[in-house]
1. Relative to a virtual label point 7 Å from the Cα of B:L268 in the Cα→beta-carbon direction, which members of region B:151-179 show backbone nitrogen distances below 14 Å?
2. If a/c stays under 1.5 just call it rounded; otherwise compare a/b with b/c (prolate if a/b is bigger, oblate if not). Do that for chain B, with a ≥ b ≥ c from the square roots of the Cα gyration tensor eigenvalues.
3. When the convex hull of the C-alpha atoms of chain A is computed, what volume per residue in Å³ does it have?
4. Once phi is turned into ³J(HN,Hα) by the Karplus curve 6.51 cos²θ - 1.76 cosθ + 1.60 with θ = phi - 60°, what whole-Hz value does each residue of region B:128-134 show in order, with x for glycine and proline?
5. Could you work out the mean count of beta carbons from other protein chains within 10 Å of each residue's beta carbon in B:22-28?
6. On average, how many beta carbons from a partner chain sit within 10 Å of the beta carbon of a residue in B:269-276?
7. Once Rh for the protein assembly as shown is found with the Kirkwood sum over Cα pairs, what is the Stokes-Einstein diffusion coefficient at 20 °C and 1.002 mPa s, in µm²/s?
8. By the scheme Lys and Arg +1, Asp and Glu -1, what is the net charge of all other residues having a beta-carbon under 14 Å from that of A:L88?
Amino acid sequence: MDTVLSARGLVKEFKRAIAVDGVDIEVKAGERVALLGPNGAGKTTTLLMILGAISPDKGEVEICGVPQRRNRSHAAEHVGFAAGYLPLAGEMKVREYLMMFGQIYGIPDPSKAIAEGLERFRIQHLSEAKGTQLSSGQRTLVGIVRAVLHKPRLLVLDEPTASLDPDVAGRVRGGILELCADNGTALLVTSHDMLEVERLCERVLFLSAGRIVADGAPTEIAERFGREDLEGVFLHLADENYQPSDPPTSQHTDHIL
Amino acid sequence: MKTQHDPTTPLRPGAKRSWLRMRAVSRRHAYVLVRSPHRLFDVTLWPLVDVLMFGSLASFIGTGNASGGKQAAGYLLAGIILWHIVYQSQIAVSTGFLEETWSRNLLNLMVTPIREMEYVGGVALFGMAKLVIGVGLMMIGGFVFFSFNITTLGLAVVPIAAVLLLVGWAISLFVIGVVLRYGPGAEALAWGVMFVVLPLSGVFYPIDALPRAVRPIALALPTTYAFAALRGVVDGEALNWAYVGIGAGGAFVLSLLAFWFLVSMLKLFRRRGYVTRYA
């Protein structure tokens, strides 16, 4: 399988603390991976380094074999990004907004991709609405449609279903799974909803204090940390007394980093 | 045989794709302008207010002194109309960028393949439309209210306007660089910097009229030479190409410096993770 994302030895230090401390991530084509961890674990910083919005102090990112540091624009062609916390430009209608981003991705006439995206997430009726008229759930859905207009090889989502009601969150998950299946798009997602992660992702990376402390299938990780589910693992890692070097309580440590 | 590109798929890298991106950015800012009428003040009301103010001042100065009044009207009205080329081109690009920060669209853009120059080019393209509207209205206002017709100055105004346009864009790159570095608190600079450049450029008077201490600063500004050339044209002299040349050279150097500054600030912006200020 092709590697769509290869991040090696990522380090990012801000004034007061090391946010990311030697993170390695590899995502294969079509793979659905969750990046989990408590607040301040370094998830968003890691994603922003992968996207090229923050440059790492150390380490390299390659998207589909294109080095991010040397050719950000070319690398970005293969990636789509959406975040639950980002609003839409208020004065633009959804169709106009999507048209702009489609053309920024180099598609002269993105109308077909826009229609397909809106239909996939069942929001065709929002096409003529302005950004200011949308609920937060609708904004998230439009943001995801924007992120996939150019059929990216890698879709990066930061908290895509935060503050969404179960119905809309379900629609988001359904649309994403369908998209990944149809286009072979790889997914890298952060979320605080462990149930969602178990439904959406086949592989989980746990970050704690800027380091990856576990990498594997959701059930494997829960088992290896001696917890019932991912939520138990999450609470264990969020424990302020937890140190990344602490061994898991399970006997199995082969996939625990 | 050359095959037609399917418009529903991405274009290959090249000028065509850059042009597509620039048009997309430009159109986005056109929507913002049309749908938020208060933003039209910059291209409608303020230019007309400036024409009224400086035209009235010229009329007052000219009372009882026909030849001096005509000269004052020429200096003041031609000066303010051409000053708006610097102002409109600067403010269009600066506020175009600020619009992305106000609407928290910056991160969305930064993760796309758009290149910095494509983005600036798109905003500048839209700025040209604003400039045509703003300066066009001033020309009409000058003619209707004060019978001042700037077109009588002829084509000599064109190279002067080109120098001023380049300076406006260069200043906007500096402003964007400072906002990237210092964040939203530095936004006031977008407007404030023009109030520093205007008096030092000798827009309405020769820089000999400035206090001796600030003249070296004025001499270092490319706009000073452009407006000196303009006054010569207003006085009926031939265009002083030496002034235009110095102005153009200065504007070119200023643009290079501004671009270097912007790129440096963008690197710093990425290194320090300042994008989180807008997310």
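Where a number appears in this text, it was derived from the coordinates with a stated rule and is not lab data. This one's a predicted model, so the numbers in the text were calculated from it and none came from an experiment. FYI the Cβ positions are ideal-geometry reconstructions off the backbone, even for glycines, and counts take in every protein chain you see.
1. Residues B:174-179 fall inside that zone.
2. Prolate is the answer for chain B, as a/c is 1.5 or above and a/b outweighs b/c.
3. So the per-residue Cα hull volume is 128 Å³.
4. 4, 5, 4, 4, 4, 5, x
5. Numbers: counts 2, 2, 11, 3, 1, 5, 10.
Going residue by residue through B:22-28 and averaging, the value is 5.
6. On the way: counts 3, 8, 5, 4, 10, 2, 4, 6.
Going residue by residue through B:269-276 and averaging, the value is 5.
7. The estimated diffusion coefficient comes to 83 µm²/s.
8. +3
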